[in-house]
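Undergrad: Okay, here's the structure, questions in a sec.
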Amino acid sequence: MNKDEAAPETRLIHTRAERLGRVTVNPPLERASTVLFRDEAGLYGAKPTYGRMGLTVHRELEAAMCDLEGARHARLAGNGLQACALAIASLVSSGDHLLFTDSAYGPTARFCERRLKAMGVDAERFDPRIGDEISSLFRPNTRAVFLEAPGSLTFEITDTPAVVAAASQRGIRTILDNTWGAGLLHQPLALGVDISVQALTKYAVGHADAFGGAVMTRDNGLAARIAAASEDWGIALAPDDAYLALRGLRSLHTRLKAHEASGLEMAHWLAERPEVADVLHPALPASPDHVLWQRDFTGSNGLFGVILNPPPEGGMDRFFSALSLFTLGFSWGGFESLIIPCDQQLERMKGSWTQTRAGPLLRLHIGLEATSDLKRDLEGAFKALSGN
Ligand SMILES: Cc1ncc(COP(=O)(O)O)c(C=O)c1O
């Protein structure tokens, strides 16, 4: 059969292995800085001539990422933040203006506000629910718009096609952090976004034991700019991490389905709890972004937010210490359930985060444990929270 017509899960399993004509299922893991040559023509000829350019496993991961995102070019980076920074810095230079979503992953926002400023770029936040009104923020020197869907911590969904339409009319490029969508739940390039970025660290790796980032585009000119910026900064992905990301992709589809089912079950259960004021999950019909999610996404995963009702004095400390399956940790996308209090991280522009918050905002990642156990764990913590 023609593998290009196969379903995404089939294509992620049958990457270029056979085409490379090897005898093992998986590619060889070459841990190398030095690449050896017999003569000068080889040394200065065919690439890769140095390990930083990536070897077999990198080429296979790049091909898989192109397939996943419907891209023509993929460039790997050491982690997700580096991939976001690479994509942005490939599009803007001194004197330019960048618009970035107010719900961007915190360190990406920090890159825009601190590093880009040091590089002479003016970076401005916009409300993630702005839609086509984004054109009112365009300036003659606006070069790029950075989106994330859904937003970190608060899970708003931007009307990406509306932003893309407004931006492309003015020749402004768009980038979208597609880590939540993981390439399977959301296809930004098909919606007209110029560059899609993923932190492979999350669902691609899937086991909380490696980092990785990837920048994808269909545009040859943009790919050349991304490649040049990556070369100039010496951006590279360690071979072991590339191997783990590629291995993770083989089971991404199956894991995401499990995260989605458990995530939805837990989100619905939490929405009924008296301690919970609101659940921030775009796949719930009550979400203000549900219609956009239905239009632009094909599914959801295990990551969502919860706003609690105001807890009694000391309640949150008791809540976190009573948990035994959910642990506090800043990542997500792995096999284990995690929880974090978000209020300390939530630095937003006035008016963008309009939800009247009753109490603390938590972010939950629902792992692959039995949901009955996860509910029992949270039930015990809710009991401790109320002091019973
Ligand atoms: C949406 C999003 N983008 C990017 C990143 C950065 O990824 P990394 O930790 O690999 O730098 C994260 C990390 O949590 C994230 O949640």
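Undergrad: Does residue 191 meet the test of being crowded, with 24+ Cβ neighbours inside 10 Å and more than 9 Å from the ligand (Cβ to nearest atom)? Break it down into steps so the answer makes sense when it comes.
TA: Numbers: crowded, with 24+ Cβ neighbours inside 10 Å: no; more than 9 Å from the ligand (Cβ to nearest atom): yes.
Judged against the criteria, residue 191 is not a match.
Undergrad: Also: Kindly evaluate residue 61 against the criterion of being farther than 16 Å from residue 148 by Cβ and buried (at least 22 other Cβ atoms within 10 Å of the Cβ).
TA: Numbers: farther than 16 Å from residue 148 by Cβ: yes; buried (at least 22 other Cβ atoms within 10 Å of the Cβ): yes.
Criteria met by residue 61.
Undergrad: Output the residues belonging to region 321-340 that are within 15 Å of residue 359 (Cα to Cα) and out of contact with any Lys or Arg (no Cβ under 8 Å at 6 or more places or on another chain).
TA: Within region 321-340, the subset within 15 Å of residue 359 (Cα to Cα) is 340.
None - no residue of region 321-340 is within 15 Å of residue 359 (Cα to Cα) and out of contact with any Lys or Arg (no Cβ under 8 Å at 6 or more places or on another chain), so the list stays empty.
Undergrad: Return the only residue of 74, 118 being more than 15 Å from residue 145 (Cβ to Cβ), modelled with pLDDT of 95 or more, aliphatic (A, V, I, L, M) and within 16 Å of the chain's Cα centre (by Cα).
TA: Values: 118 fails: within 16 Å of the chain's Cα centre (by Cα).
Selected residue: 74, the only one of 74, 118 that is more than 15 Å from residue 145 (Cβ to Cβ), modelled with pLDDT of 95 or more, aliphatic (A, V, I, L, M) and within 16 Å of the chain's Cα centre (by Cα).
Undergrad: Out of 378, 325, which single residue is of a type in the set (A, V, I, L, M) and under 29 Å from residue 247 (Cα atoms)? Let's see the steps before the verdict.
TA: On the way: 378 fails: under 29 Å from residue 247 (Cα atoms).
The match here is 325.
Undergrad: With the requirement that a residue be surrounded by fewer than 14 Cβ atoms within 10 Å (Cβ to Cβ) and among the basic types (Lys, Arg), what does region 25-55 give you?
TA: Within region 25-55, 31, 38, 47 meet the criteria.
The rows are residues; the columns are (1) over 20 Å from residue 291 (Cα atoms); (2) among the hydroxyl-bearing types (Ser, Thr, Tyr); (3) surrounded by 24 or more Cβ atoms within 10 Å (Cβ to Cβ); (4) in contact with a helix residue (DSSP H, G or I) (Cβ under 8 Å, 6 or more places away or on another chain).
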position	(1), (2), (3), (4)
135	yes, yes, no, yes
143	yes, no, no, yes
147	no, no, yes, yes
150	no, no, yes, yes
156	no, no, yes, no
159	no, no, no, yes
165	no, no, no, yes
168	yes, yes, no, no
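Undergrad: Looking only at region 45-65, how many residues end up being within 15 Å of the ligand (Cβ to nearest atom) and either part of a strand (DSSP E or B) or in contact with a helix residue (DSSP H, G or I) (Cβ under 7 Å, 6 or more places away or on another chain) (or both)?
TA: As a first pass, look at region 45-65 and keep what is within 15 Å of the ligand (Cβ to nearest atom): 61, 65.
Okay, now just the ones that are also either part of a strand (DSSP E or B) or in contact with a helix residue (DSSP H, G or I) (Cβ under 7 Å, 6 or more places away or on another chain) (or both), so 61.
Qualifying residue count, region 45-65: 1.
Undergrad: Kindly establish whether residue 157 is touching a Lys or Arg at 6+ places or on another chain (Cβ under 9 Å) and in contact (Cβ under 8 Å) with a residue 60 or more places away in the chain.
TA: Values: touching a Lys or Arg at 6+ places or on another chain (Cβ under 9 Å): yes; in contact (Cβ under 8 Å) with a residue 60 or more places away in the chain: yes.
It is true that residue 157 is touching a Lys or Arg at 6+ places or on another chain (Cβ under 9 Å) and in contact (Cβ under 8 Å) with a residue 60 or more places away in the chain.
Undergrad: Quick one: what pairs do we get from region 100-128, first residue more than 18 Å from residue 80 (Cα to Cα), second outside any loop (DSSP other than H, G, I, E, B) and within 12 Å of the ligand (Cβ to nearest atom), C-beta under 6 Å, 6+ apart or different chains?
TA: Pairs found: 128/101.
Undergrad: If you don't mind, there's one more thing I want to ask. Residue by residue through region 79-111, note down the ones that are farther than 21 Å from residue 163 by Cα and near the ligand (Cβ under 8 Å from one of its atoms).
TA: Restricting attention to region 79-111, the residues satisfying the condition of being farther than 21 Å from residue 163 by Cα are 79-83, 86, 93-95, 106-107, 110-111.
Residues satisfying the conditions are 79, 80, 81, 82, 83, 107.
Undergrad: Taking the options 245, 210, 214, name whichever one is part of a helix (DSSP H, G or I), among the aliphatic types (A, V, I, L, M), within 12 Å of the ligand (Cβ to nearest atom) and crowded, with 17+ Cβ neighbours inside 10 Å.
TA: Numbers: 210 fails: part of a helix (DSSP H, G or I); 214 fails: part of a helix (DSSP H, G or I).
When all the criteria are applied, what remains is 245.
Undergrad: Let me ask another. Which one of these does residue 287 not meet: (1) in contact with a Ser or Thr (Cβ under 7 Å, 6 or more places away or on another chain); (2) closer than 13 Å to residue 156 by Cα; (3) of a type in the set (S, T, N, Q)?
TA: Of (1) in contact with a Ser or Thr (Cβ under 7 Å, 6 or more places away or on another chain); (2) closer than 13 Å to residue 156 by Cα; (3) of a type in the set (S, T, N, Q), only one is false for residue 287: (1).
Undergrad: Please go through region 231-242 and pick out each residue that is of a type in the set (Gly, Ala, Ser) and either crowded, with 23+ Cβ neighbours inside 10 Å or modelled with pLDDT under 95 (or both). Talk me through it step by step, then tell me what you get.
TA: Of the residues in region 231-242, the ones of a type in the set (Gly, Ala, Ser) are 234, 236, 238, 242.
Listed by number, the list holds a single entry, 242.
Undergrad: crowded, with 19+ Cβ neighbours inside 10 Å, among the small types (Gly, Ala, Ser), within 16 Å of the ligand (Cβ to nearest atom) and outside the structural domain of residue 243 (by TED's automatic domain parsing) - does that describe any residue in region 66-77?
TA: No, every residue in region 66-77 fails to be crowded, with 19+ Cβ neighbours inside 10 Å, among the small types (Gly, Ala, Ser), within 16 Å of the ligand (Cβ to nearest atom) and outside the structural domain of residue 243 (by TED's automatic domain parsing).
Undergrad: Right, here's the next one. I need a count of the residues in region 164-188 that are under 18 Å from residue 84 (Cβ atoms), among the hydroxyl-bearing types (Ser, Thr, Tyr) and more than 10 Å from the ligand (Cβ to nearest atom).
TA: Total satisfying the criteria: 1.
Undergrad: Separate question: Go through the residues of region 259-275 one by one and say whether even a single one is without any contact (Cβ under 8 Å) to a residue 12 or more places away in the chain and surrounded by fewer than 16 Cβ atoms within 10 Å (Cβ to Cβ).
TA: Quick first cut of region 259-275, residues without any contact (Cβ under 8 Å) to a residue 12 or more places away in the chain only: 261, 272.
Next, from what is left, pick out any that are surrounded by fewer than 16 Cβ atoms within 10 Å (Cβ to Cβ): 261, 272.
Looking through region 259-275, at least one residue is without any contact (Cβ under 8 Å) to a residue 12 or more places away in the chain and surrounded by fewer than 16 Cβ atoms within 10 Å (Cβ to Cβ).
Undergrad: Right, something else. Would you say residue 176 is in contact with a Leu (Cβ under 8 Å, 6 or more places away or on another chain), without any contact (Cβ under 8 Å) to a residue 40 or more places away in the chain and either at positive phi or crowded, with 23+ Cβ neighbours inside 10 Å (or both)?
TA: Numbers: in contact with a Leu (Cβ under 8 Å, 6 or more places away or on another chain): yes; without any contact (Cβ under 8 Å) to a residue 40 or more places away in the chain: yes; either at positive phi or crowded, with 23+ Cβ neighbours inside 10 Å (or both): yes.
Spelling it out, residue 176 is indeed in contact with a Leu (Cβ under 8 Å, 6 or more places away or on another chain), without any contact (Cβ under 8 Å) to a residue 40 or more places away in the chain and either at positive phi or crowded, with 23+ Cβ neighbours inside 10 Å (or both).
Undergrad: I'm checking my understanding of the structure. Among residues of region 347-382 that are surrounded by 15 or more Cβ atoms within 10 Å (Cβ to Cβ) and over 26 Å from the mean Cα position of the chain (by Cα), which one is farthest from residue 266 (Cα to Cα)?
TA: Once the filter is applied, the top-ranked residue is 359.
The values are calculated or read from the model by the stated rules, or taken from the named source; none is laboratory data. Because the structure is a prediction, the values reported are computed rather than measured. As a convention, Cβ positions derive from the backbone with ideal geometry for all residues, glycine included, and neighbour counts pool all protein chains shown.
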